[in-house]
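**Student:** One structure follows; several queries about it will come next.
Just so you know, all these numbers are worked out from the coordinates, no wet-lab data involved. These numbers were taken from a predicted model, which means no experiment stands behind them. Methodologically, a virtual Cβ is constructed for each residue, glycine included, from the backbone with ideal geometry; neighbour enumeration extends over all protein chains shown.
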Amino acid sequence: MTRTQQRTGDAPADVRARTNSDFTDLAKMIQASGLMRRRYGYYWAKLIGLPLLVLGVLVAFVLIGDTWWQLITAVVLGVLFTQVAFLGHDAAHRQIFASGKWNDWTSLIIGDLFIGMSYGWWRHKHTRHHANPNKKGSDPDIELPVIAITPEQTKSRGPLLRWLAAHQGAFFFPILPLEGISLHASSVRRVLAREHVDRRWVEIILLSVRLIGFGVLVFLVLSPAIAIAFLAVQLGVFGFYMGASFAPNHKGMPLVPKDAKLSFLQRQVLTSRNIRGGRFIDTAMGGLNYQIEHHLFPSMPRPHLRKAARIVKAYCQERNIPYTETGLFESYAIVVRYINRVGLGERDPFDCPLVAQRRAS
């Protein structure tokens, strides 16, 4: 596979439509390797350790009192809340417990009470993303309010948003800190919406305790100016960390046309990108650096993704299926370059190569 194919996911000329038996064979290999088994010790350590860390930092916050040094506490909480969010992501994907109910309640408590993010809203959005990653008209993760991911999105926007789109490559990282506010706002809109919401009142109560209670605590301990700065830093770090962890996964990878028909294996592998790195990257990105394996086996416990990646990569190479992996900073460069080209109105250079070949044949 060429270096260009590694970065963009371009398929070799001999790649053709494959059947779902490709994934069936791979799934049998993964199942036989034992990589789908639960990791209760790993997850119980995180389920106990991370909340205790958050509570410990909150106690320290109260004891430290009204000082600008609390901005360091804000950074620590921003990082911790993101790590807790990764744990909620694992629970929502049924990675932690065999019981669906246990996973649901774990996600509710982690997401709504500790993070201030609606589990119901996230599950609805994320399920659609997993079903059709990077598919136009189906994946909500490529329908963003400010950043244009497809050329069509730039044409339907007003003058201000079109100007922003034309410069979005430069704005991408500076606006990531706003992602924290966006996640909270979307969660509140979802639980207050008129459509049906599972466990609406549970989510309203938990979100209220987290969002209102945390804000009250901050203003009780800190003077107004420091409190505002504290919340800005905490939300900014949380938003930036979340955005920087999810951004490398699919942006700049092939987009799938609305009418395209791809097998499950093709759909997940061709549109996803892995990030190379050691254990530090695994921890820092919450396992999202193994995006291909996560999309193929969403319920696989996070600790097994590294071993699964070796199996999946070899399997794809044997079948000449592009398997994309880059370094972290290289992935950011690809994302910025891609959205910059889209914002400038260039024709999308990353339409799914498999679909393009079918149309040409």
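**Student:** According to a simple spin-label model (label point 7 Å from Cα along Cα-to-Cβ), what is the distance in nm between ARG38 and GLN317?
**Tutor:** The modelled label-to-label distance comes out at 3.5 nm.
**Student:** Then there is this: At 0.36 nm per residue, minus the direct Cα-Cα distance, what do TRP163 and TRP102 gain on full extension? Give it in nm, one decimal, please.
**Tutor:** 17.3 nm
**Student:** While we're looking at this one, here's another question. To the nearest 20 debye, what is the magnitude of the charge dipole of region 40-247 about its Cα centre, counting +1 on the Cβ of each Lys and Arg and -1 on the Cβ of each Asp and Glu? Walk me through the numbers before you get to the answer.
**Tutor:** On the way: 17 positive and 12 negative charges, 106 e Å.
Its charge dipole is roughly 500 debye.
**Student:** Residues in region 194-236 near a label at THR67, defined as backbone nitrogen under 17 Å from the 7 Å Cα→Cβ point?
**Tutor:** 221-223, 226-227, 230
**Student:** Still on this structure, please answer the following. Nearest 10 degrees is fine. How inclined is helix 40-64 to the longest principal axis of the chain, computing both from alpha carbons?
**Tutor:** For 40-64 against the chain, the angle is about 40 degrees.
**Student:** Can you find, among ILE96, TRP69, PHE81, the residue farthest towards the positive end of the dipole of the chain? Put +1 on the C-beta of Lys and Arg, -1 on that of Asp and Glu.
**Tutor:** Highest projection toward the positive end goes to ILE96.
**Student:** So what's the angle, to the nearest 10 degrees on a 0 to 90 scale, between helix 179-192 and the longest Cα principal axis of the chain?
**Tutor:** Roughly 80 degrees, rounded to the nearest 10.
**Student:** Same structure again: In the chain, how many lysine pairs have Cα atoms under 17 Å apart, counting only pairs 8 or more places apart or on different chains?
**Tutor:** The number of close lysine pairs in the chain is 12.
**Student:** Subtract the Cα-Cα distance of VAL209 and LYS258 from 0.36 nm times their separation in residues, and report this length gain in nm to one decimal.
**Tutor:** On the way: separation 49, 0.36 × 49 = 17.64 nm, distance 4.11 nm.
That works out to 13.5 nm of additional length.
**Student:** Arrange the peptides 21-33, 248-260 so that the one whose residues have, on average, the most other Cβ atoms within 10 Å appears first.
**Tutor:** Numbers: 21-33: 14.3, 248-260: 21.5.
The peptides rank, most packed first, as 248-260, 21-33.
**Student:** Further, regarding this structure: Order the peptides 115-121, 180-186, 90-96, 140-146 from the highest to the lowest mean number of other Cβ atoms within 10 Å of their residues.
**Tutor:** So the order, starting with the most tightly packed, is 115-121, 90-96, 180-186, 140-146.
**Student:** Could you point to the residue in LEU50, PHE172, VAL312 farthest towards the positive end of the chain's charge dipole, with +1 and -1 charges on the Cβ of Lys/Arg and Asp/Glu respectively?
**Tutor:** Farthest along the dipole direction, towards plus: VAL312.
**Student:** If I take all pairs of Cα atoms in region 90-151, what percentage of them are more than 13 Å from each other?
**Tutor:** 66
**Student:** While we're on this one: Is any residue of region 165-189 close enough, with backbone N under 20 Å, to a label point placed 7 angstrom from the Cα of ARG123 along the Cα-Cβ axis, and if so, which?
**Tutor:** Flagged as within label range: 183-189.
**Student:** With +1 on each Lys and Arg Cβ and -1 on each Asp and Glu Cβ, how big is the dipole of region 70-157 about its Cα centre, in debye rounded to the nearest 20?
**Tutor:** Charge dipole of region 70-157: 240 debye, to the nearest 20.
**Student:** In debye to the nearest 20, how big a dipole does the chain give about its Cα centre with +1 on each Lys and Arg Cβ and -1 on each Asp and Glu Cβ? Mind dumping the intermediate values first?
**Tutor:** Details: 43 positive and 25 negative charges, 172 e Å.
Approximately 820 debye in magnitude.
**Student:** Looking at GLY277, PHE264, GLY287, which one has the Cα that reaches farthest to the positive end of the dipole of region 236-292 (charges on Cβ: Lys, Arg +1; Asp, Glu -1)?
**Tutor:** Highest projection toward the positive end goes to PHE264.
**Student:** In addition: Just flag the trypsin sites (Lys or Arg not before Pro) in region 109-191 sitting in loop per DSSP whose Cβ has no more than 16 other Cβ atoms within 10 Å.
**Tutor:** Numbers: sites: ARG123, LYS125, ARG128, LYS135, LYS136, LYS155, ARG157, ARG162, ARG189, ARG190; in loops: LYS136, ARG157.
In loop regions of region 109-191 (DSSP not H, G, I, E or B), the sparsely surrounded trypsin sites (Lys or Arg not before Pro) are ARG157.
**Student:** Regarding region 215-306, what whole-number volume in Å³ per residue does the convex hull of its Cα atoms give?
**Tutor:** Numbers: hull volume 14.8 nm³, N = 92.
So the per-residue hull volume is 161 Å³.
**Student:** Against the longest alpha carbon principal axis of the chain, how many degrees, from 0 to 90 and to the nearest 10, is the axis of helix 224-246 turned?
**Tutor:** For helix 224-246, the angle is close to 20 degrees.
**Student:** Let me ask something additional. Along the Cα→Cβ direction, 7 angstrom out, place labels at ALA333 and LEU178. What is the inter-label distance in nm?
**Tutor:** About 2.8 nm separates the two model spin labels.
**Student:** Right, here's the next one. In Å, what is the Rg of the alpha-carbon atoms in region 175-330, and how long is Dmax?
**Tutor:** Values for region 175-330 (Cα only, Rg and Dmax): 19.8, 62 Å.
**Student:** Counting only C-alpha contacts under 8 Å and six or more residues apart, can you give the relative contact order of the chain as a whole percent?
**Tutor:** 29
**Student:** On to the next question. If each DSSP helix of 4+ residues adds -39,500 (n - 2.57) and the sum is divided by the residues in the chain, what number results at 222 nm, nearest 500 deg cm²/dmol?
**Tutor:** Numbers: 18 runs with 225 residues, N = 361.
Taken over the chain, the calculation gives -19500 deg cm²/dmol.
**Student:** Continuing with the same structure: Could you check the simple spin-label distance between GLN31 and HIS196, using points 7 Å along Cα→Cβ, in nm with one decimal?
**Tutor:** Between GLN31 and HIS196, the simple spin-label model gives 3.1 nm.
**Student:** How compact and how long is region 64-215, expressed as Rg and Dmax of its alpha-carbon atoms in Å?
**Tutor:** My reading of the Cα-based Rg and Dmax gives 17.6, 51 Å.
**Student:** Sorting check: for 101-107, 35-41, which peptide has the highest mean count of neighbouring beta carbons within 10 Å, and how do the rest follow?
**Tutor:** Per-residue mean Cβ counts within 10 Å order the peptides as 101-107, 35-41.
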